[in-house]
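To start, the structure itself, in structure tokens.
We did not get these values from a lab; they are worked out from the coordinates using the rules stated. What you see is a predicted model; the values in this text were computed from it and never measured. Every residue, glycine as well, gets a Cβ built from its backbone with ideal geometry; the counts of neighbours run over all protein chains shown.
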Amino acid sequence: MNVWRFPAVAVFSATSFFLSSQAFAGLISWTDWTSATAGANGSAYGTITLGGRTVGVAYTGDVSFAQTGSGENYWTENGTPAPYTGNTVIDNAPPPAEMIALERQGITNTLSFSAPVTNPVFAVVSLGQPGYPVTLDFDRSFSVLSNGVGYWSFANSGAPGTLSVLTGDQLVGEEVHSAIQFNGSLSSISWLANPSESWAGFTLGVPMEGSPEPPPHLDPSLLLSVDLGVGARPLPFSGPEPRAAFLDPLFSSAGLWNELGLAADWNQTPSSNPVFSNLLDSYGNPTGISLAVGGQLNSFNYNLYYGRSESGALYGDYWFFNSRNASEDIDWQLSGLEPGAEYRMVFYGASQDQDRGFDMLIDTDGDGDLSDEGTLPIQSLAGAFSTPAYVDSVIASTAGEILGRGLGRERAGGDYWSYEANWAGFQLVAVPRTPAVPEPGTLALFAIGLAAFSRSSRR
């Protein structure tokens, strides 16, 4: 990151800006922001869909507020030149109400991607104010695509705001609505803002044309997604979970989720030893895989009970134990897996009550013994939406099973609610095998045979 300095500048008027060398504008896949936490140490998560694959987007840094699909559309283009589509790269402006707003200075803001993205574009709304320049100091070079008349056109009497570029990869704006582009394949982008302002918004997208196809290992042979909740009142969830996709791109192919609901609601007699057979994969195909749970469990729909929705469908309902008359610990078993195959797993706590967590034992080596395994903490997220609990290698037993045990933590003073174990769901994905490479001798024989065939063909 560069220190603040003021060398010679390039100033851009309504008709003076850098353009990409692309001949025609193309479609941009903009980030679908799905959750955010405001504050100086804020965060946000979203996804970008590229050619049938999904890339997770994680943002950390300053968050004044965020839009995740609802609210005012600040990405309007209110004159000429157009701030976001007035160039040869971008054909479609950012979608309405998808934005992260900044207000603080001196904070390192970082966008990270679960898989590298190529030539991403960065759109800003209302950077700085007339007579009050604000600088974004990036950690890499960029080109200005356009600077135009946006949402706050009245602030500049219907003209574009003043945009400048300082040496050292710094973008300076006085009520600027603009789009810039970073070149190359990138895994992250960072910047500082200086000084503070009431707020300026941004989002990021990736050109659809020329987006590299995902490597073969990103299309897993099996992806199983499970949402745990209340049977009579499910909260259907589908698609990738951005935090899991960011942890491991194998989870970015998630589509259909199995909604496993218990008959027992929170104030009813617990369900005993539930079994769910023939779970579906991400495409809706039967897998023959079953989940069996040993113990007594209840369930709860937080969103419905409190009439709120910010927790989302995955985290807003859950199974629970170690509370009321449910079991203190539970055992679970996945069966019908490929014997000896390697899998990866993520586990999700619920959305509320940060003190509600539990520990999970998982038979990662497939020997049927949990006593040699370390505990994996599963914590409720309490609206902060930390990352899920991730296990990078689990081996199915020779019987095609994975065993686990949920361990309830010690209750505080007999309190029903303290240390309640809330389990919202999990995902399992098969680790693709690397194709065998022929021995050098085999390759040599193949080459000799090919040469002989070529000579005979010429005759």
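Let me make sure I get this right: for the stretch 9-207, a, b and c are the square roots of the gyration tensor eigenvalues over alpha carbons, sorted descending. Under 1.5 in a/c it's rounded, otherwise prolate if a/b > b/c, else oblate. Which is it? Before the final figure, lay out each step's value.
Working: a/c = 1.36, a/b = 1.14, b/c = 1.19.
Taking the square roots of the gyration eigenvalues as a ≥ b ≥ c, the stretch 9-207 is rounded.
Return the FRET efficiency for the residue pair residue 329, residue 41: r is the Cβ-Cβ distance, R0 is 51 Å, and the value is rounded to the nearest 0.05.
Numbers: r = 35 Å, r/R0 = 0.68.
Efficiency at R0 = 51 Å is approximately 0.90.
Multiplying the sequence separation of residue 290 and residue 183 by 0.36 nm and subtracting their Cα-Cα distance, what value in nm do you get? Don't jump to the answer; show the numbers that get you there.
Numbers: separation 107, 0.36 × 107 = 38.52 nm, distance 4.66 nm.
Additional length available on full extension: 33.9 nm.
With the Cα gyration tensor of the stretch 216-430 in hand, convert its eigenvalues to equivalent ellipsoid semi-axes via √(5λ) and list them largest first in whole Å.
Values: eigenvalues 126, 77, 53 Å².
After scaling each eigenvalue by five and taking roots: 25, 20, 16 Å.
In terms of the Cα gyration tensor, with a ≥ b ≥ c the square roots of its eigenvalues, is the stretch 247-303 rounded because a/c is under 1.5, prolate because a/b exceeds b/c, or oblate?
Details: a/c = 2.59, a/b = 1.70, b/c = 1.52.
Judged from the Cα gyration tensor, the stretch 247-303 comes out prolate (a/c at least 1.5, a/b above b/c).
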